[in-house]
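Working notes for the structure below.
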Amino acid sequence: MRLALILTYIVFAILLNSVGTVILQSINVFGVTENAAATLEGYKDLSIAVVSFLVASFLPRFGYRRSMIAGLALVLLACLAMPLFDSFYVTKLMFLATGIAFALVKVSVYATIGLISRDRYAHAGFMNTIEGMFMVGVLGGYWLFGYFIGDGTTSGWLDVYWVLAALCVATIVLLVFTKFDEEAAAPVAESMGESFRSMLRLVALPMVGVFILSAFLYVLIEQGIGTWLPTFNNRVLQLPAAMSVQAASIFAASLAIGRLSAGVILRRFDWYPVLNFAVIAMGVLVLLSMPLTRGLEAHGVTGWATAPVAAYLFPMIGLFMAPIYPAINSVMLSALPKSRHAAMTGLIVVFSALGGTTGSLVTGRVFGSFDGQTAFYLSLIPMAMILLSLYLFRRTLGAREAASA
């Protein structure tokens, strides 16, 4: 079952995090503006938020395995539509379908982790592992798209979706032949309406409210940087289009290495000091990197050897960003009974999606109105806010544990 979860997550890693690449291609090939291209993040994230909110508490009844298969089937159709219809309108629909499908998949994957983990340490370890493999998928996606983009000015890049469609088919086949016991997740005594109300009541818990704020701020930062990094590389660092996408893979690789490493680190050290160090290091890296992006000459980059230092240094922020999201998710889910994991994951997905949309839209607006350096400097504000939210999260979690002791 672990392999099936990982492969399912990799498929969506490639599709969801291709939005930055597709924004660049929409600007270069479809001729849309930065502000219009920025709406793609909204099609993806708002559909994730709405569907997660509506269906998360019902998925234990439908079945986690069946939910993942349904999600993969939907994105299979969306991938086939991209090269067949070749338009910005279909691109919007593709991200809409991907968002709907990921809402089903992420709730199912997170809830399944709770079912197959023997204790909270195993839960935290596999949570970081699967989120690390998600970033491996993102990394592979950058190079896969970069291979098909070429000079970045033709529609040949859409052929990448035939490859992604084949990957969807292979993963569906694996899931069809994968079975596991889901009985522990079923809230037998509740009606569907009561399950939905139970999810809403979770928001009233102080620790859940503060956790949601932390998750929102984290995803705002990650998506703001990740989505606009290919465009930043192309417009600010003056890298060629294909290289701009491939260079963004350094960010994904840093996240992958950081999350896989965090699975080991968080087994030995308390999560709170580790995450505080990570956020502070992120801010330092922004302050070190952005001054290096000023005054670069157009057409001065002919290959990796002539790329500016900032093209390598700034994406390393992913190393420090990496442990935050899976760590706080694992702490939150481990504090709840398994029957509430699907509902809690629904809330995680909703507010993560809202954070992602907000981060992408704000960064896109600032990018279009000012410049890329200003857009990334502004990430220092939510970084400061997340330090406060992590402190409040630890306090509310401790108060709950003391009250239940």
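The values are calculated or read from the model by the stated rules, or taken from the named source; none is laboratory data. Computed from a predicted structure; not experimentally measured. Backbone-built Cβ (ideal geometry, glycine too); neighbour counts: all protein chains shown. These area figures cover heavy atoms from the full protein model, side chains too; ligands, DNA and RNA do not enter into them. Shrake-Rupley method; radii C 1.70, N 1.55, O 1.52, S 1.80 Å.
Structure notes:
- A convex hull fitted to the Cα coordinates of region 204-304 yields 125 cubic angstrom per residue.
- In the context of the full set of protein chains, the chain has a per residue accessible area of 38 Å² (1.4 Å probe).
- Rounded percent of accessible protein surface that carbon and sulfur make up, region 297-392, 1.4 Å probe: 70 percent
- Cα-based equivalent ellipsoid of region 1-146: semi-axis lengths in Å, sorted from largest, via gyration tensor: 29, 17, 13
- For the chain, the calculated P(r) over all alpha carbon pairs, in 20 Å bins from 0 to the bin holding the longest distance, is 29, 59, 12, 0 percent.
- Most mobile listed residue (247, 38, 384) in the chain, GNM with C-alpha springs under 10 Å: 384
- Highest GNM mean-square fluctuation among 158, 296, 255, for the chain modelled with Cα contacts below 10 Å: 296.
- Two-decimal Rg/Rh across region 247-405, once Rg and the Kirkwood Rh are taken from alpha-carbon atoms: 1.03
- Between helix 271-289 and the chain: long-axis angle, C-alpha atoms, 0 to 90°, nearest 10: 10 degrees
- Size descriptor, Kirkwood hydrodynamic radius, that averages inverse alpha-carbon separations across region 59-123, Å: 13.1 Å
- Intensity falloff of region 289-365 expressed as log10 I(q)/I(0), Debye formula with alpha-carbon point scatterers, at q = 0.12, 0.25 Å⁻¹: -0.60, -1.17
- FRET efficiency estimate (nearest 0.05) - Cβ-Cβ, residue 272 to residue 122, R0 22 angstrom: 0.60
- Over region 39-96, the alpha carbon radius of gyration divided by the compact-protein estimate 2.2 N^0.38 Å works out to 1.27.
- Based on Cα contacts under 8 Å between residues 6+ apart, region 39-152 shows a relative contact order of 33 percent.
- The long axis of helix 88-116 is offset from the longest Cα principal axis of the chain by roughly 40 degrees.
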